Amino acid sequence: MMAQKKNETVLAADEKIIPTADESIAVGSFVTTFWDQYEQSRERAEQLRESREDAYINSLREVIKFNKQYRNTIAKLYDQSKKTNKEMVNELIHQLNTGKEEKEGPTSDREELKNQLKDVTGQFEKLALTPIRSIIHIVDQLEDNFEKNAESSVAYARDRRNAWLQVRKEYVKKARNTHLNLLERGKNSLKELVKTP
C-alpha cells in the first residue's frame, strides 16, 4: 500500500511537470502578443515621428508666411510715408508758386525749382527704397531656401526610414519565429526529460 501511494505521488508529480496543451497555447500566445505589441509600438513611434515632422514643416511655413506679411506691412508703411512726402513736396511747390506769383517773378525759375525739388525727392526715394527692396528680396530667398531644405531633409529621412522598413519587418518576423521555435524546443525538451526514467 505504501508503494502504491509513492507511485501515485510520482505520477501526480509527473503530471504537474508536463505542460498541458492549454499551457503551451498560453505561452505561445504570450510570445505572439509580445511581438504584436512590439510591432504596434514601433508603428506608433513612426506615426508620432511623422506627425512631429509634419508639425515642424507646417510651423515653419506659418512663420515664413507671417514674416512675409510683416515685411509687406513694412513696405506698405514705407509706401504710405512716400505718398505723404510727395504730398508735402507738392504742397511746398504750390506754396512757392503762390508766393512767386504775388511777386511776379520769372516763371522759368519757379519751374526749374519745382523740377529740381521733384528730382531731389525722387532720388531720395530711390536711395531709401533700394536697400529695403534688396533686403526684403534676400530675406525672401533665404526663407524660401530654408523651407525647401527642411522639406527635402524630412523627405530624405522618411525615404531612408522606409528603405529600412522591410528589413526591420523581416528581422522582427525572424525574431518572432526564433522565439516561438525556442519555446517549442524547450517544451519538447521538457517532455523528453520528464518521459525518461
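The values are calculated or read from the model by the stated rules, or taken from the named source; none is laboratory data. Fair warning: this is a prediction, and the values are worked out from it, not measured in the lab. Positions of Cβ are generated from backbone atoms using ideal geometry, with glycine treated the same way; all protein chains shown enter the neighbour counts.
Any residue at all in the range 109-119 that's at pLDDT below 80 and surrounded by fewer than 11 Cβ atoms within 10 Å (Cβ to Cβ)?
Looking for residues that are at pLDDT below 80 and surrounded by fewer than 11 Cβ atoms within 10 Å (Cβ to Cβ), one finds at least one in the range 109-119, hence yes.
List the number of the failed condition for residue 59; all other conditions in (1) of a type outside the set (D, E, K, R); (2) farther than 19 Å from residue 173 by Cβ; (3) in a helix (DSSP H, G or I); (4) modelled with pLDDT under 90 hold.
Evaluating residue 59 over (1) of a type outside the set (D, E, K, R); (2) farther than 19 Å from residue 173 by Cβ; (3) in a helix (DSSP H, G or I); (4) modelled with pLDDT under 90 leaves (4) as the failure.
Filtering the range 162-197 down to residues that are basic (Lys, Arg) and surrounded by fewer than 12 Cβ atoms within 10 Å (Cβ to Cβ), which residue is modelled with the highest pLDDT?
174
Report every pair of residues separated by at least 6 positions or lying on different chains whose Cβ atoms are under 9 Å apart, first residue within the range 159-177 and in a helix (DSSP H, G or I), second of a type in the set (S, T, N, Q) and surrounded by 11 or more Cβ atoms within 10 Å (Cβ to Cβ).
Close Cβ pairs (under 9 Å, with a partner that is of a type in the set (S, T, N, Q) and surrounded by 11 or more Cβ atoms within 10 Å (Cβ to Cβ)) amount to 176/32.
Evaluate the range 134-145: report whether one residue or more is under 30 Å from residue 90 (Cα atoms), surrounded by 10 or more Cβ atoms within 10 Å (Cβ to Cβ) and small (Gly, Ala, Ser).
Yes, some residue in the range 134-145 is under 30 Å from residue 90 (Cα atoms), surrounded by 10 or more Cβ atoms within 10 Å (Cβ to Cβ) and small (Gly, Ala, Ser).
For residue 128, state whether it is modelled with pLDDT under 75, within 27 Å of residue 142 (Cβ to Cβ) and assigned to a helix (DSSP H, G or I).
Criteria met by residue 128.
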